[in-house]
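The values are calculated or read from the model by the stated rules, or taken from the named source; none is laboratory data. Keep in mind it's a predicted model, so treat the numbers as computed, not measured. Cβ: placed from backbone, ideal geometry, glycine included. Neighbour counts: every protein chain shown. Areas reflect the complete protein model, heavy atoms only, side chains present, ligands, DNA and RNA absent. Shrake-Rupley method; radii C 1.70, N 1.55, O 1.52, S 1.80 Å.
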Amino acid sequence: MRMGPNDAECAIACVSAHGALYMLFDGKDAYGLSDQTTPERFAGKKVIVSGTLDPKTKTIQAAAMDAAN
């Protein structure tokens, strides 16, 4: 999925205005993120997330998040 220049602004606005949550989408599945502060600076971008996945809730307890090259 290609992200446009306004995708980050749109994602940040949705989270702020509508109480939405930042999610990680791998092209097939969406995963919740335990940390809802750090993802804002990566909104609309590809990232590498390290952490622990709870497969029942599809939530990642993120230990680290960095921009993908």
On a 0 to 90 degree scale, rounded to 10, what angle separates helix 7-18 from the longest Cα axis of the chain?
-> 80
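Give me the net charge of ILE60's neighbourhood, meaning all other residues with Cβ under 13 Å from the Cβ of ILE60; Lys, Arg count +1, Asp, Glu -1.
-2
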Exposed trypsin sites (Lys or Arg not before Pro) being those in a DSSP loop with at most 10 other Cβ atoms within 10 Å, the longest stretch of the chain free of them is 3-27
Using a probe of 1.4 angstrom, how much of the accessible area of the chain is carbon and sulfur, in percent?
-> 54
A correct Karplus calculation of ³J(HN,Hα) over segment 47-58, with 6.51 cos²θ - 1.76 cosθ + 1.60, θ = phi - 60°, whole Hz and x for Gly and Pro, returns 9, 10, 10, 10, x, 10, 8, 8, x, 6, 9, 6
Which residues qualify? For ASP35, with a placed amide H closer than 5 Å and at least 5 residues away or on another chain, they are ALA62
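Just to confirm, what accessible area per residue do you get for the chain at 1.4 Å probe, in whole Å²?
Counting only protein heavy atoms, the per-residue value for the chain is 74 Å².
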Of all the Cα-Cα pairs you can form in the chain, what percent are over 18 Å apart?
-> 35
Once you put a point 7 Å from the Cα of GLU9 and another 7 Å from the Cα of THR38, both along the Cβ direction, what distance in nm separates them?
-> 2.7
Among all the aspartates and glutamates, which ones have a C-alpha under 20 Å from LYS28's C-alpha, if same-chain residues fewer than 8 places away are not counted?
-> ASP7, ASP54
Residue by residue, what Karplus-based ³J(HN,Hα) values in Hz, rounded to whole numbers, does segment 35-42 have, using 6.51, -1.76 and 1.60 with θ = phi - 60° and x for Gly and Pro?
-> 8, 9, 9, 4, x, 4, 6, 10
